[in-house]
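Step one of this worksheet: look at the structure below.
The values are calculated or read from the model by the stated rules, or taken from the named source; none is laboratory data. Just so it is clear, the model here is predicted, and its values are computed rather than measured. So basically every Cβ, Gly included, is an ideal-geometry build from the backbone, and we count neighbours across all protein chains shown. To get the accessible areas, we keep the full protein, side chains included, count just its heavy atoms, and leave off ligands, DNA and RNA. Shrake-Rupley method; radii C 1.70, N 1.55, O 1.52, S 1.80 Å.
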Amino acid sequence: MTAEKQRPADRAKASPPENPDRLFQAMFQRARDAWVVFNDAGSYVEANPAACKLFGASRDELLRSRVGDFSTNASALDPAWAALRLRGQASGEVELKQKDGSTIHVQFAVTAGFLPGLNLSVIRDVTERWNSDADRRRIERQLVEAQRVAQIGSWEWDVVGRVMIVSAELHRVLGIDAEHGPLDLGALIDRVHPDDRAALRDTVERTLRSGTAFDSEYRIVRSDGTIRFVECRGCAELDEAGKIERLVGSCQDVTERREMDLRLRHAQRMETVGRLAGGIAHDFNNLLTAILGYSDLLLERVPKSEPYHGHLDQIRKAAERGAWLTQQLLAFGKRQVAIPELLDLGELVTDLSKMFWRLIGEDVSVSTLIHPGTAPIHADRGQVGQVLLNLVLNARDAMPHGGKLSIEVRNAGRSDADPLDPEPFDPSRFVVLAVSDNGSGMDEATRQRAFEPFFTTKGETQHAGLGLATVIGIVEQSGGELRVDSAPGQGSTFRVLMPRAEAVTSPRASVVPLSTTTGGHETVLLVEDEEMVRRLAKEVLEERGYTVLEALSASDALRLVDNWTGRLDLLLTDVVMPGMNGRELAETLGARYPGLPVIYMSGYTDDAVVRRGVRARDAGFLQKPFTPLTLTARVREILDSRDGPD
């Protein structure tokens, strides 16, 4: 429409106002934003009602104020003042403190020279938006921190645009520098172990076809060659038409968790086999006691010239082999009866090393290094010797064509710590026995299974597979730890960490040499529920001149004693029996015969004995299987050590 055709009313509407000042005043007073006018000195000279409401102050109070008086940080306005002087305009955001003390966030825009010497500022309350942005930034920070702590990286793949968006934590999980640039699906797949890539591609393709979610575990190969295990989860997002628009998901580094799970499952398997070993030990040790005992009796009575003497000797050797295997099983299961004493590990190694050449052959050179000042340990001498022997034999088997074997004893250092230990390692608490060889070494798979019972890389006819299982059983039972460093072709080093002795402990009492044992005339109450063992012990003791009262249970023993009118010099009892156990029987008889000496016999393991109130380290303890000479020596020892007159 041209100006000529406009109606008079239209032309009136388009005309400028007759009084612009009145129009500005109307806008100034009715504006929903805060309008303030201040002079070049920074003093407020005018403020609209919205400004009074924003500042929470009256007009007179504002006109007595200066720019910055209500700001929580006046220096934050310095850039705005500089921009106003330089360009005549300025803008920004600042936090204001209202008259009642509450704070708000505002956005401002200033125009200089609104009138000569005056400046106009329009201010808007943006607290709600600022809080929303702050919440968003806080949530983003929390998400980044949560991903870092949980080692979970997030990702999103635009199926159409083929664009991949990944979080900073996923860069770390994959071992890729965050400054590497944008990643695509191909770059992610390239990080996957070659043996796992096909499975990952199949998973992605299946999700793209069906939209089903996935949860899979893969190996990642980082730039430095290290392998990490990651758990990848993902799902498909659909557009309005129901087509797959993008895939979103996460990748979590589960390497430590996986290793801990493997350790837990391994420990559970070891515990199961250990319980099995402890369960069969009682009956097996009773059988071995009878075999060894009757073999010894026959060997004493059958002249060496008799052809059967050699057969009997072979039977006894077989029984000794069975006893050795039983002790191996119990040591593996941490159920072997231990009698700790104060040990100088260096002296023990020096003594035992004298016999190594008979075991390992002349093609293996042996060197020992005993560091001066090595602290003593508190352990069972026989068990520690068993540990060293098994490690030496294991090293020999790793060097079938000869090599070098070194044994070192020293105080532990910080380098002996395991970074996966859940608790900080204190080297001052341990002594190290290290056995090293330059043999074939072990790959990771073999090393993981090396301590499993019956696992062996040697011929099955030559090895029972209990050597290293025995070692770790004894070490852990003694409160120690075991470290292994090995690689194919680079040999192996086994470091046994044994706790230092906390206090000087007297060595266990020595047993009378078997060759000097004698019989006696005392009366012995024999209580044993296993007939073979009971008959053997009775026969051996009676043959040595003792009077034996034979009972097959605690209740049977009490009935027998009720009818016995003579003296009672010794109680020889099994620990674990139906009904009343050996400890309870000893306490009952102790009321009738004060100071009655007791010898406890047991084919059970240490924990079963201790639960019944008997300590294996007590002098009056006889571990099955035992021989006739061991039995008579222990009986004579206890009887001779009695306090008071016979």
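Can you pull out every residue in the stretch 522-573 that is more than 20 Å from residue 632 (Cα to Cα), not in a loop (DSSP other than H, G, I, E, B) and not aliphatic (A, V, I, L, M)?
555, 556, 559, 562
Filter the stretch 562-584 down to the residues that are farther than 20 Å from residue 285 by Cβ and crowded, with 19+ Cβ neighbours inside 10 Å and list them by number.
Applying the first criterion (farther than 20 Å from residue 285 by Cβ) to the stretch 562-584 yields 562-571, 579-580, 584.
Scanning the stretch 562-584 gives 569, 570, 571.
Please verify whether residue 78 is in contact with a Gly (Cβ under 8 Å, 6 or more places away or on another chain) and open to solvent by 70 Å² or more (accessible area, probe 1.4 Å), treating the condition exactly as stated. Outline the logic, then answer.
Working: in contact with a Gly (Cβ under 8 Å, 6 or more places away or on another chain): no; open to solvent by 70 Å² or more (accessible area, probe 1.4 Å): yes.
Taking the combined requirement at face value, the residue does not satisfy it.
Scan the stretch 11-34 and report the pairs whose first residue is open to solvent by less than 100 Å² (accessible area, probe 1.4 Å) and part of a helix (DSSP H, G or I) and whose second residue is of a type in the set (Asp, Glu) and modelled with pLDDT of 70 or more, with Cβ atoms within less than 8 Å and a gap of 6+ or a chain change.
Here the result reads 28/46, each pair linking the stretch 11-34 to a residue that is of a type in the set (Asp, Glu) and modelled with pLDDT of 70 or more.
I'd like to check something: does the stretch 217-231 contain any residue that is over 35 Å from the mean Cα position of the chain (by Cα), within 27 Å of residue 160 (Cβ to Cβ) and open to solvent by less than 40 Å² (accessible area, probe 1.4 Å)? Before the answer, list the steps.
Narrowing the stretch 217-231 to residues over 35 Å from the mean Cα position of the chain (by Cα): none.
No, because not a single residue in the stretch 217-231 is over 35 Å from the mean Cα position of the chain (by Cα), within 27 Å of residue 160 (Cβ to Cβ) and open to solvent by less than 40 Å² (accessible area, probe 1.4 Å).
Answer yes or no: is there a residue in the stretch 335-352 that is over 30 Å from residue 430 (Cα atoms), modelled with pLDDT of 75 or more, open to solvent by 40 Å² or more (accessible area, probe 1.4 Å) and polar (S, T, N, Q).
Keep residues of the stretch 335-352 that are over 30 Å from residue 430 (Cα atoms), which gives none.
Among the residues of the stretch 335-352, not one is over 30 Å from residue 430 (Cα atoms), modelled with pLDDT of 75 or more, open to solvent by 40 Å² or more (accessible area, probe 1.4 Å) and polar (S, T, N, Q), which makes the answer no.
Looking at the stretch 521-549, which of its residues are farther than 20 Å from residue 287 by Cβ and of a type in the set (Asp, Glu)?
Residues satisfying the conditions are 522, 542, 543.
In the list 96, 77, 86, which residue meets the criterion of being of a type outside the set (Asp, Glu) and either part of a strand (DSSP E or B) or modelled with pLDDT of 85 or more (or both)? Break it down into steps so the answer makes sense when it comes.
Details: 77 fails: either part of a strand (DSSP E or B) or modelled with pLDDT of 85 or more (or both); 86 fails: either part of a strand (DSSP E or B) or modelled with pLDDT of 85 or more (or both).
The match here is 96.
Scan the stretch 234-250 and report the pairs whose first residue is free of Cβ contacts under 8 Å to residues at least 24 places away in the same chain and whose second residue is surrounded by 14 or more Cβ atoms within 10 Å (Cβ to Cβ), with Cβ atoms within less than 8 Å and a gap of 6+ or a chain change.
Short answer, once both residue conditions are applied: 237/244; 237/245; 237/246; 237/247; 237/248; 239/245.
Among the residues of the stretch 528-547, which ones are surrounded by fewer than 23 Cβ atoms within 10 Å (Cβ to Cβ) and touching a strand residue (DSSP E or B) at 6+ places or on another chain (Cβ under 8 Å)?
Result: 529, 530, 534, 538, 542, 547.
Among residues belonging to the stretch 379-400 that are more than 19 Å from residue 439 (Cα to Cα) and not in a helix (DSSP H, G or I), point out the one that is least open to solvent (accessible area, probe 1.4 Å).
Filtering first and then ranking leaves 379.
From the list 362, 300, exactly one residue is open to solvent by 60 Å² or more (accessible area, probe 1.4 Å), at pLDDT below 85 and not in a helix (DSSP H, G or I). Which is it? Let's see the steps before the verdict.
Working: 300 fails: not in a helix (DSSP H, G or I).
After applying the criteria, what remains is 362.
Return the residue satisfying two criteria in turn: it lies in the stretch 239-292 and is basic (Lys, Arg) and open to solvent by 80 Å² or more (accessible area, probe 1.4 Å), and of such residues it is modelled with the highest pLDDT. Break it down stepwise before answering.
To start, the set of residues in the stretch 239-292 that are basic (Lys, Arg) comprises 243, 246, 257-258, 263, 265, 269, 275.
Of the ones still in play, those that are also open to solvent by 80 Å² or more (accessible area, probe 1.4 Å) are 243, 257-258, 263, 265, 269, 275.
Details: 243: 86, 257: 81, 258: 82, 263: 72, 265: 76, 269: 67, 275: 66.
Here the residue is 243.
Quick one: would you say residue 423 is of a type outside the set (S, T, N, Q), at pLDDT below 80 and open to solvent by 40 Å² or more (accessible area, probe 1.4 Å)? Reasoning before the result, please.
Working: of a type outside the set (S, T, N, Q): yes; at pLDDT below 80: yes; open to solvent by 40 Å² or more (accessible area, probe 1.4 Å): yes.
Here the answer is yes, as residue 423 does meet what is asked.
Take the residues in the stretch 182-199 that are in a helix (DSSP H, G or I) and at pLDDT 85 or above, then tell me which one is least open to solvent (accessible area, probe 1.4 Å). Break it down stepwise before answering.
Taking the stretch 182-199 first, the residues in a helix (DSSP H, G or I) are 185-191, 194-199.
Imposing the further condition that a residue be at pLDDT 85 or above reduces the set to 194-199.
Numbers: 194: 81, 195: 115, 196: 27, 197: 67, 198: 61, 199: 51 Å².
Across the stretch 182-199, the extreme among qualifying residues is 196.
Residues in the stretch 208-216: is at least one surrounded by 15 or more Cβ atoms within 10 Å (Cβ to Cβ) and of a type in the set (A, V, I, L, M)?
no
Taking the stated definitions as given, is residue 374 under 24 Å from residue 499 (Cβ atoms), modelled with pLDDT of 80 or more, open to solvent by 20 Å² or more (accessible area, probe 1.4 Å) and not in a strand (DSSP E or B)? Let's see the steps before the verdict.
Details: under 24 Å from residue 499 (Cβ atoms): yes; modelled with pLDDT of 80 or more: yes; open to solvent by 20 Å² or more (accessible area, probe 1.4 Å): yes; not in a strand (DSSP E or B): yes.
Yes; evaluated as a whole, the condition is true for this residue.
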